[in-house]
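Visitor: Pasting a structure here, questions to come.
The values are calculated or read from the model by the stated rules, or taken from the named source; none is laboratory data. The structure presented is a predicted model; accordingly, all values stated were derived computationally and were not measured. For neighbour counting, all protein chains shown are included, and Cβ atoms are generated from backbone atoms with ideal geometry for every residue, glycine included. Remember, those area values only see protein heavy atoms, side chains included, never the ligands or the DNA or RNA. Shrake-Rupley method; radii C 1.70, N 1.55, O 1.52, S 1.80 Å.
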Amino acid sequence: MNIETVRGYFKDSRTVAHYVKAVANIGLWESEKRIFENWLDRDDRILDLGCGAGRIAFGLRDIGFGQVEGADFSEEMVVEAREIAEHFGASIPFCREDATCLSYGEEAFGAVVFGFNGLMQIPGRTARRAALSEVFRILKPGGCFVFTTLDRDDRLYRVVFKDGANYDHDVERNPNLIEEGDRHFSTEHGTTFMHVPRRADVAEDLEAAGWLLLDDKMRSEIARERTEVSEFSEDCRFWIARKPTR
Ligand SMILES: C[S@@+](CC[C@H](N)C(=O)[O-])C[C@H]1O[C@@H](n2cnc3c(N)ncnc32)[C@H](O)[C@@H]1O
């Protein structure tokens, strides 16, 4: 499993169609809305990284965030997001960007969001740490980074990973996996990858990249989600980190 295999999944027309539908049918999760309203500033330039077709970017705009942009490493997602923006007359720039190597300048954004576990779809801890450093670089001092992950310490994943014989997460037998916590999973659109981290590992990676961890909570502790949101996405952990001021 490498970054190109993951990108292949997110370039597939069935995956793209799934995320296009999510813009209209899912919108912002209640938990996302509460986190964004609590931690992000409506006047800041905000990047929705791993934006897909723009579900979060359009949602932010709808609740009054005026300077939103989106970026994704799938050109196909970016094309759809641009078409939706044009359709709604929304001036949201969408660009093709790889989170591990961003083209934005230093301190370009007031806040960055990497929603719906996108950071954990980057294979390899070194590459995920590179993304954490890149987001740090493009954020202004004092700016917030909001992202989500699944959680290997949570009840559901403790049970899933307890089954050591499962080929989908058995690092010893499955050549597509790199590290413990990696999970290979199939959806109706194909096969993809997700790293399911332990809470302590994410906290350690944030600290190593210079972040201050402000808060982290399971989605279920933040809000009760609509049925369609729960069907679209399982419970996950929200992370809010700040780039220290000088
Ligand atoms: C689970 S989808 C979420 C899409 C969208 N944020 C949403 O919630 O509907 C994860 C997104 O992250 C993007 N992604 C994964 N790895 C990435 C990387 N290294 N750089 C940029 N985007 C990436 C994928 O192309 C995909 O669109």
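Visitor: From the set of residues in the stretch 118-149 that are away from the ligand (no atom under 13 Å from the Cβ) and outside any helix (DSSP H, G or I), which is most open to solvent (accessible area, probe 1.4 Å)?
Guide: 140
Visitor: Looking at (1) within 19 Å of residue 124 (Cα to Cα); (2) open to solvent by 40 Å² or more (accessible area, probe 1.4 Å), find the lone condition where residue 153 falls short.
Guide: So residue 153 meets the others, but not (1).
Visitor: Hey, any hits in the stretch 176-195 for a residue that's modelled with pLDDT of 95 or more, farther than 25 Å from residue 56 by Cβ and open to solvent by 50 Å² or more (accessible area, probe 1.4 Å)?
Guide: Within the stretch 176-195, none of the residues are modelled with pLDDT of 95 or more, farther than 25 Å from residue 56 by Cβ and open to solvent by 50 Å² or more (accessible area, probe 1.4 Å).
Visitor: Going through the stretch 213-224 one residue at a time, which ones are surrounded by 13 or more Cβ atoms within 10 Å (Cβ to Cβ) and either closer than 20 Å to residue 125 by Cα or touching a residue at least 24 places away in the same chain (Cβ under 8 Å) (or both)?
Guide: Hits for the stretch 213-224 are 213, 214, 215, 216, 218, 219, 222, 223.
Visitor: Which pairs have Cβ atoms under 6 Å, sit 6 or more apart or on different chains, and link a residue in the stretch 37-51 that is β-branched (Val, Ile, Thr) to one that is surrounded by fewer than 17 Cβ atoms within 10 Å (Cβ to Cβ)?
Guide: none
Visitor: Regarding the stretch 90-111, can at least one residue be identified that is of a type in the set (Phe, Trp, Tyr), in a loop (DSSP other than H, G, I, E, B), more than 26 Å from residue 217 (Cβ to Cβ) and open to solvent by 20 Å² or more (accessible area, probe 1.4 Å)?
Guide: There is at least one residue in the stretch 90-111 that is of a type in the set (Phe, Trp, Tyr), in a loop (DSSP other than H, G, I, E, B), more than 26 Å from residue 217 (Cβ to Cβ) and open to solvent by 20 Å² or more (accessible area, probe 1.4 Å).
Visitor: For the stretch 66-105, name all the residues that are more than 10 Å from the ligand (Cβ to nearest atom) and aliphatic (A, V, I, L, M).
Guide: Hits for the stretch 66-105 are 68, 79, 84, 85, 90, 92.
Visitor: With the requirement that a residue be surrounded by 15 or more Cβ atoms within 10 Å (Cβ to Cβ), more than 22 Å from residue 106 (Cα to Cα) and more than 17 Å from the chain's Cα centre (by Cα), what does the stretch 225-246 give you?
Guide: 225
Visitor: Here's another thing I want to ask about it. Looking only at helices (runs of 4 or more DSSP H) that lie completely in the stretch 1-62, which have at least 1 residues being closer than 24 Å to residue 143 by Cα, open to solvent by less than 10 Å² (accessible area, probe 1.4 Å) and polar (S, T, N, Q)?
Guide: Correct list: 30-39.
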